[in-house]
Amino acid sequence: MTENGFRAEEIDTSRPHPARIYDYLLGGKNNYEVDREAGDRLAAAAPEVWSGVRANRDFLRRAVRYVVGNGIRQILDIGTGLPSSPNVHEIARELAPDVRVAYVDNDPIVNTYANVLLRGSAATSIALADLRDPRAILDHPDVREVIDFDEPVALLLVAIVHFLTEAEEPERVLATLRDGLPAGSFLVLSHATGDFADRSAAQAVYDNATATLNLRSRAEVERLFDGFTLVEPGLAEVPYWRPDAPPRTRPGDIGYYGGVARKTG
């Protein structure tokens, strides 16, 4: 761990990074040839990935609106990825201009772009840190600058936990983060799954990336919500979590589960 909180290597543009692959699939331009090649291999192995990343992004938008509509005024977004408008603070502040947002990512390139975007906003920060060290995130000065952990927080873990291996103990990571949140806080989480189709070829794309893709079943994803109470409709395929329009996909087409849960005690 460096003094900036970055646990992994220096900026590595020789291997694809999940945040930059995601940026490419969303139509962004903050990526490298190695990321675009990985994105194309991913789409060849699982063509639904194009609609999947957008469905996941739409889930994020609806979930942020839900938690802000339920009184949340501070958000901790871990694994934020490269800026992609509308960003979380833009979505949240459409409903409540006083929402404070701390973004966290382990890619220095994400950190650089986000710092430019957020420059001059006292109610928004970006921290360079790694989900594998959740205590360091909770204690990070750039997080503490805008987040008061004595008040309810919305913790966003959107399309990030599936980059943790079992050896990295995702349930321990979630428990540490959960225990750092007061009652009334929310967890917003989405996670890739292989429940609906063989995704081994898609997983293999990440074998040479800076993080591997670790698909989990519905039951395994539900366990990540231990200590929280899922709000209706519970854990769902992301297009079917409180849709604001009829989903354009059929059940099983999108390989992501998503849910929002509240910490009641």
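The values are calculated or read from the model by the stated rules, or taken from the named source; none is laboratory data. It should be emphasised that the depicted structure is a prediction, and the values quoted were computed from it without experimental measurement. So basically every Cβ, Gly included, is an ideal-geometry build from the backbone, and we count neighbours across all protein chains shown. The protein model used for the area step is the full one, side chains on, heavy atoms only, and it has no ligands, DNA or RNA in it. Shrake-Rupley method; radii C 1.70, N 1.55, O 1.52, S 1.80 Å.
State yes or no: is Val64 more than 16 Å from the chain's Cα centre (by Cα) and at pLDDT 90 or above? The answer is no for Val64. Inside region 197-211, residues that are open to solvent by less than 40 Å² (accessible area, probe 1.4 Å), closer than 11 Å to Arg41 by Cβ and small (Gly, Ala, Ser) make up a count of 2. Restricting attention to region 72-83, does a residue exist that is within 23 Å of Leu25 (Cβ to Cβ) and either open to solvent by 50 Å² or more (accessible area, probe 1.4 Å) or charged (D, E, K, R) (or both)? Looking through region 72-83, at least one residue is within 23 Å of Leu25 (Cβ to Cβ) and either open to solvent by 50 Å² or more (accessible area, probe 1.4 Å) or charged (D, E, K, R) (or both).
Among the listed residues Ala92, Ala127, which satisfies the condition of being within 17 Å of the chain's Cα centre (by Cα), touching a residue at least 40 places away in the same chain (Cβ under 8 Å) and open to solvent by less than 70 Å² (accessible area, probe 1.4 Å)? Selected residue: Ala127, the only one of Ala92, Ala127 that is within 17 Å of the chain's Cα centre (by Cα), touching a residue at least 40 places away in the same chain (Cβ under 8 Å) and open to solvent by less than 70 Å² (accessible area, probe 1.4 Å). Of the residues Pro152, Pro233, Pro243, Pro239, the single one that is in contact (Cβ under 8 Å) with a residue 60 or more places away in the chain and within 21 Å of Thr264 (Cα to Cα) is Pro152. Within region 171-227, the set of residues being polar (S, T, N, Q), under 28 Å from Arg262 (Cβ atoms) and part of a loop (DSSP other than H, G, I, E, B) comprises Ser185, Thr193, Asn214, Ser217. If you scan region 155-170, which residues turn out to be open to solvent by 10 Å² or more (accessible area, probe 1.4 Å) and within 18 Å of Tyr256 (Cα to Cα)? Scanning region 155-170 gives Val158, Ala159, Ile160, Phe163, Thr165. The set of residues in region 31-71 being of a type in the set (Lys, Arg), farther than 28 Å from Pro141 by Cα and open to solvent by 70 Å² or more (accessible area, probe 1.4 Å) consists of Arg36, Arg41, Arg54.
Table: residues versus (1) open to solvent by 10 Å² or more (accessible area, probe 1.4 Å); (2) more than 12 Å from Leu131 (Cβ to Cβ); (3) not hydroxyl-bearing (Ser, Thr, Tyr).
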| position | (1), (2), (3) |
| --- | --- |
| Val153 | no, yes, yes |
| Ala183 | yes, yes, yes |
| Val188 | no, yes, yes |
| Thr193 | no, yes, no |
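Taking residues in region 35-47 that are outside any helix (DSSP H, G or I), and partners anywhere that are crowded, with 18+ Cβ neighbours inside 10 Å, the pairs with Cβ atoms closer than 7 Å and at least 6 places apart or on different chains are Ala46/Arg199; Ala46/Ala202. For region 228-265, filtered to residues that are β-branched (Val, Ile, Thr) and either under 21 Å from Val153 (Cα atoms) or assigned to a strand (DSSP E or B) (or both), the residue that is least open to solvent (accessible area, probe 1.4 Å) is Val260.
The criterion of being within 25 Å of Lys29 (Cβ to Cβ) and either at pLDDT 95 or above or in contact with a strand residue (DSSP E or B) (Cβ under 6 Å, 6 or more places away or on another chain) (or both) does not hold for Asn106.
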